[in-house]
Ligand code: HEM
């Protein structure tokens, strides 16, 4: 009888811990592939804007906006979903401002948008990387 109870408890523990490990892993498997593409995307952005290729710079800003849009549904570990939404929507809007600056060939505005992306990256990492 005691053996059965022990087995049931072990099974329950396996389900509880197993599923929380899966949730954390599920989160990472969405975040990591996007994050790993971002440094190269920022370098591309820098390179295109340096040669004043406004069309490709705008495209790169849109690529970055799209990458963050794909993280809409992430619920970060620790659960501060509101803060996650705020920062990642800010970053999307910053990328849109960059596109706007490309439309008016505003080099200062493009640089400001790139600087803001870096600031928002640091803010996100400070909050969400343990
Ligand atoms: C353009 C801006 C950003 C760049 C270039 C960037 C880049 C990176 C890189 C290179 C990593 C390491 C990936 C790895 O370990 O394989 C990373 C991890 C991470 N970033 Fe970002 N990031 C940016 C913005 C953000 C923002 C705004 C947030 C949150 C709203 C965020 C949340 C995270 C998290 C949670 C991880 C950890 C993933 C893990 O645990 O492995 N990042 N990021």
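We did not get these values from a lab; they are worked out from the coordinates using the rules stated. Being a predicted model, the structure only gives us computed values, none of them experimental. Cβ: placed from backbone, ideal geometry, glycine included. Neighbour counts: every protein chain shown.
Summary table
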read-out: Equivalent ellipsoid, region 27-97 (semi-axes from 5 times Cα gyration tensor eigenvalues, Å); value: 26, 13, 8
read-out: Per-pair calculated FRET efficiency, R0 = 25 Å: residue 51 and residue 72 via Cβ, rounded to 0.05; value: 0.15
read-out: Modelled label reach - residue 30, point 7 Å along Cα→Cβ, region 69-94 residues with backbone N closer than 12 Å; value: 69-77, 81, 85
read-out: Exposure proxy order (Cβ contacts within 10 Å, fewest to most) of 96, 128; value: 96, 128
